[in-house]
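Chemist: Before we start, here is the structure in question, set down as structure tokens.
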Amino acid sequence: MKPVALALLLAAATATSAAELPEHLRDTGLAMGHVQDDPAIAAFSPQYPLWSDGAEKRRWVRLPPGASIDASRPDAWQFPVGTRLWKEFSVAGRPVETRYMERQADGSWRFATYVWTEDGRDAVLAPERGTVVTLPQGAHYQVPGRGDCLACHGGARVPVLGFGALQLSPDRDPLAPHARTPSAAADGPKAAASVDLPALVARGWLRGLPPALLARPPRIAADSPVERAALGYLHGNCAQCHHAGDGRVPVRLNLEQSAADPAKSHADALRSMVGAPSRYRPPGFGDDARVVVPGDFAASVLTTRMQSRHARVQMPPLGTERPDAEGLALVYHWITHDLPTRKEPRP
Amino acid sequence: MIRRPVPMTASSAAIAVLAAIGLTVAPPSAAAADRDGLTAEKAARGKYLVSTSGCMDCHTPMKMTPNGPEWDMSRMLSGHPENLKMPPAPALPQGPWLVVSSATNTAFAGPWGVSFTANLTPDPETGLGAWTVQDFKNTIRTGRHLGRGRAVLPPMPIPVYGNFSDEDLESIFAYLRTLPPVKNRVPEPWAPAETTAAPK
């Protein structure tokens, strides 16, 4: 995204008043139950989902009738005006919030989140600055403010996260943590039509997708299954900020995996991590902190920050209050066992 | 085009600092804009805002002189000096005293831990050289680094600076880009638990 576009996105988001957003989730076009009767709505599930403290998540997308996504740039899909996406977060089987984003006529996106009532019959627009929900077990659940949405969506290559060529590849990664595929049992009868790349093409929702990506579905170019899953995990959880495009944070860490050129993105990601100096130096790391030290999980800044939930250290910096044990175990295995045993030295 | 000087050390920056203060470093044409659309006009306005908004007070280290503490202009706006390793802050007794600052006025201990003022010069590795104007605006607007990282800590007056207009913030950033880059890696903040020495 160009900086100007990011500025417009920010301006649009901050300028959107609560009054302009529907007060109830049902008025955004999403049915409140499991079954979505609107044929323009499809469920989807990214193969490398974002860790959200173990919340169960369901996602839907809706395109305006007759509209399609420009997929000619496989890593930067352009969504038509009127595109809507929802992500529902549930804890212990109870829906807590549903996040919503919609593309406006001027090309900007607006964001909102809806908090579910305890009886699960309604979901109401959350305050602009977010709120805290007390769950039945007494735990507190932080609902993000609209500005928080931009922390991840605002600087990404495309504001829509988790819905792209790699994330929806039918060549799904069996080692990816927390991935789930919508099923009829969990998501209603129409969930059988949940979309992957071929399904999107069949629906006529994609135009310009390079045919090679259907013949050979996108897949991370890794040297081992564990590396594939680890790089996919970092792509899904970190690449919205740590990429090489406009809007990235200004550090030399590129964790974005490409559907168009997987070999290059694989090499770029390793070059920016393995043995690379870290601008951030955690206490006790001295002046020679490295992003990833092959064979030494504890000496790697990457995993130090992934493990921390101290507000000044943790990565990602928001949206999670608990480290992801499964994701950490995967990255631990990659750093400790895979990286030191490579046949060829890595950059 | 706003000139972006090559990095230099703190000591060699002193002469160039004098030029920057007067904006005499090859002044660009007022109409020309850099990659972020920042012009020399904006930089001149930014110089005024920086000099009247208290930025120097914490981001330029103080040094003791015969006339008392004065800014060390060889380190202008380069934040807490990396070679000044701070010991644990003294524990304060119960009472209304809450905050302790270093003699340089660049390190502050309080209930939030210890914060160190940032290097605002355009050094690409340790300052704002790799930032875009949008990164800067996002930081001030949200109170988070780059608009998405950790919170900016006290005593940075984010609620006050949040009242700057977009044009003001662009002007401030334009001026900061004209400063001589000073290579100075400011330490990360300390958490409250590791902040203070045991009371004696």
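The values are calculated or read from the model by the stated rules, or taken from the named source; none is laboratory data. A quick note: this is a predicted structure, and the numbers were derived from the prediction, not measured. When we count neighbours, we look across all protein chains shown, and the Cβ atoms used for this are built from the backbone with ideal geometry, even at glycine. Areas reflect the complete protein model, heavy atoms only, side chains present, ligands, DNA and RNA absent. Shrake-Rupley method; radii C 1.70, N 1.55, O 1.52, S 1.80 Å.
Chemist: With all protein chains present, calculate the accessible area of B:M64 using a 1.4 Å probe and round the result to the nearest 10 Å².
Modeler: We get 150 Å² for B:M64.
Chemist: Still on this structure, I have one more. Using 0.36 nm per residue of separation minus the Cα-Cα distance, give me the extension gain between A:D27 and A:A92 in nm, one decimal.
Modeler: 20.8 nm
Chemist: Given the DSSP H assignment, sum -39500 (n - 2.57) over each helix run of at least 4 residues in chain A and divide by its residue total; what's the result at 222 nm in deg cm²/dmol, nearest 500?
Modeler: Result for chain A, helices only: -6000 deg cm²/dmol.
Chemist: Oh, and also: Note every residue of region B:128-156 with a reduction of at least 40 square angstrom in accessible area, all protein chains present versus the isolated chain, computed with a 1.4 Å probe, or write none.
Modeler: Residues losing area: B:Q134, B:R144, B:R148, B:R150.
Chemist: Still on this structure, I have one more. For an R0 of 56 angstrom, estimate the FRET efficiency from the Cβ-Cβ distance between A:V81 and B:M86 and round to the nearest 0.05.
Modeler: After rounding to 0.05, the efficiency reads 0.55.
Chemist: I would also like to ask the following. Cα gyration tensor of chain A, axes a ≥ b ≥ c as square roots of the eigenvalues: rounded (a/c below 1.5), prolate (a/b > b/c) or oblate?
Modeler: The shape class here is prolate.
Chemist: Additional query: Using only the alpha carbon atoms of region B:27-134, find the Kirkwood hydrodynamic radius as the inverse mean reciprocal pair distance, in angstroms to one decimal.
Modeler: 16.1 Å
Chemist: Net charge near A:M306, counting Lys/Arg +1 and Asp/Glu -1 over other residues with Cβ under 15 Å of its Cβ?
Modeler: With Lys, Arg at +1 and Asp, Glu at -1, the net is +1.
Chemist: Next up: Pulled fully out, how much extra length does the chain show between B:V160 and B:E125, if you take 0.36 nm times their separation in residues and subtract their Cα-Cα distance?
Modeler: Stretched out fully, the B:V160 to B:E125 stretch lengthens by 9.8 nm.
Chemist: Pick from A:A165, A:A269, A:A92 the residue whose mean-square fluctuation is largest in a GNM of chain A, springs joining Cα atoms under 10 Å.
Modeler: A:A92
Chemist: Ranking request for peptides B:168-180, A:241-253: highest mean number of other beta-carbon atoms within 10 Å first, then the rest in descending order.
Modeler: B:168-180, A:241-253
Chemist: Please report the spacing between the Cα centers of region A:214-282 and region A:292-347 in Å, no decimals.
Modeler: 13 Å
Chemist: Before anything else, pin down the relative contact order of region A:98-152: Cα pairs under 8 Å, at least 6 apart, normalised by residue count, whole percent.
Modeler: Relative contact order here is 26 percent.
Chemist: Using only alpha carbon pairs under 8 Å that are at least six residues apart, calculate the relative contact order of chain A and give it in whole percent.
Modeler: Answer for chain A is 17 percent.
Chemist: Also, quick follow-up: Given charges of +1 on the Cβ of Lys and Arg and -1 on the Cβ of Asp and Glu, with all other atoms neutral, how large is the dipole of the protein assembly as shown about its Cα centre, in debye to the nearest 20?
Modeler: 680 debye
Chemist: Using a 1.4 Å probe on protein heavy atoms only, how many Å² of accessible area do A and B hide from each other, summed over both chains and rounded to 100?
Modeler: So the total buried area for this chain pair works out to about 1900 Å².
Chemist: Can you give the local net charge around A:P95? Use residues other than it whose beta-carbon is closer than 12 angstrom to its beta-carbon, Lys and Arg +1, Asp and Glu -1.
Modeler: 0
Chemist: Quick one: how many Å² of B:L98 are accessible to a 1.4 Å probe, rounded to 10?
Modeler: 110 Å²
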